[in-house]
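Participant: First, the structure itself, so that you have it in front of you.
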Amino acid sequence: MSEPEERKPYVAPDWEEEEVFEVAASITCVQFDQTCDPGPIQS
Amino acid sequence: MSELGARLWKRADAHCIPLRAAIEITLRCNLRCVHCYNFDRERPRPPVPPEAELSDDEILDAIDQLAEAGCLYLAFTGGEALLHPSLPAFLERARERRFVVRIKTNGMLLTPPRVRALAEARVSAVDVSVYGARAATHDAVTARPGSFERTVRGLRHARAAGIALKVNACLVQENVGEVAGMRALAAELGAGFALNPFLSARYDGTRSSLLKRVDRQALLDLYRGPLADVVAEGGYVPERSARCACARTNCGISATGEVYPCIGAPVPCGNLRERSFAEIWESSPAMRRIRGLRLDDLPDCRGCADRPFCKRSTGTVYTNTGDVTASEPFFCMEAAVTREVHPQGAKHERA
């Protein structure tokens, strides 16, 4: 099974700097569920 | 999705940022759905006693840990999430941490005061489970007379409060003839609609939920009929890989604090009562294994002609087979049916 060789502590992204909250909130329900590939059958 | 939104998800996938989490805040439920994946609701006692579920403080801490890990999307689920008396406190904390919040519910408790509270808490959307277009059908699936009427009433209250809605349906033998009606109901309510034909075995190890799956002919009729437009529109990815959002951008936290690669993938990775979320997310061998899965790791899938049409979900495959690399006959059947009806199917005839 493929597995990354290095084990580093998890480093979280600094969203505050990147101002992503508005972008995150702008994604609709259906678009959001499409990010779960493969997702359910949607209309 | 905007270009910025797409870049956000691409970055999260590349760096395995747990952008989306679902917390199962309770296993208690006011319905007894025949296909429930939590546990067999006909059993006299749940496998997890209520006192073993996460406390309010533990749930609030989990919300904080997820925010610190970079999670942006949080779903409260159950059981029935609206039964938890401390849901308002969880919503407040989630709002403070700037989450985009969704609630997954059966809608029975969406009363006018509750939907007002949800709107005030700026819940981004409510996903409501509907299992039929007629009361008799829905109520037969939920094993609760009157549940359809209450659920539809709840949907209408939420709609009136301006809450974005999505109708989530599981496809079972009882409702296979009512898919068009369920779509029409969702459209009437201005709600999105999603249909999941892939039922899971239960997390308590019982499997009778799988007996509710529809057969090949029923699925074929559905994909040629009421779902022909959506099946033709999606369902075809020429270079589909083994990768799904499990353990890459998705995670789940069970009612007892187990951290899963997805709430639909009950793979033991670690418990929040013993280790931090970040430690489990980064270091759990099971999490890392799933994250690194490639098509070559799936012996039954790598040469399959139906692969471009396959909706294989690591979580459901694991739940139904106990092996994240296995094939699962229902997914294989569904992919073959999709190929048969899809406009691109002729390009992928079996050798």
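Participant: Yes or no: B:SER129 out of contact with any helix residue (DSSP H, G or I) (no Cβ under 6 Å at 6 or more places or on another chain), of a type in the set (Gly, Ala, Ser) and surrounded by 18 or more Cβ atoms within 10 Å (Cβ to Cβ)?
Facilitator: The answer is yes for B:SER129.
Participant: Could you tell me how many of the residues in the stretch B:253-268 are within 13 Å of another protein chain (Cβ to nearest Cβ) and surrounded by 24 or more Cβ atoms within 10 Å (Cβ to Cβ)?
Facilitator: 4
Participant: Can you pull out every residue in the stretch B:269-283 that is touching a strand residue (DSSP E or B) at 6+ places or on another chain (Cβ under 9 Å) and surrounded by fewer than 22 Cβ atoms within 10 Å (Cβ to Cβ)?
Facilitator: Of everything in the stretch B:269-283, those that are touching a strand residue (DSSP E or B) at 6+ places or on another chain (Cβ under 9 Å) and surrounded by fewer than 22 Cβ atoms within 10 Å (Cβ to Cβ) turn out to be B:GLY270, B:ASN271, B:LEU272, B:ARG275.
Participant: Tally up the residues in the stretch B:222-241 that are farther than 16 Å from A:GLN34 by Cα and crowded, with 16+ Cβ neighbours inside 10 Å, please.
Facilitator: 4
Participant: Moving on. I'd like the residue in the stretch B:136-148 that is in a helix (DSSP H, G or I) and either more than 23 Å from the chain's Cα centre (by Cα) or of a type in the set (Ser, Thr, Tyr) (or both) and, out of all such residues, is surrounded by the most Cβ atoms within 10 Å (Cβ to Cβ).
Facilitator: Step by step, filter the stretch B:136-148, then rank; the result is B:THR142.
Participant: Does B:VAL214 satisfy the criteria of being touching a Leu at 6+ places or on another chain (Cβ under 9 Å), part of a strand (DSSP E or B) and at pLDDT 95 or above?
Facilitator: Taking the combined requirement at face value, the residue does not satisfy it.
The values are calculated or read from the model by the stated rules, or taken from the named source; none is laboratory data. No experiment lies behind these values; they were computed from the predicted model shown. Here the Cβ is made from the backbone with ideal geometry for all residues, glycine too, and neighbour counts use every protein chain on show.
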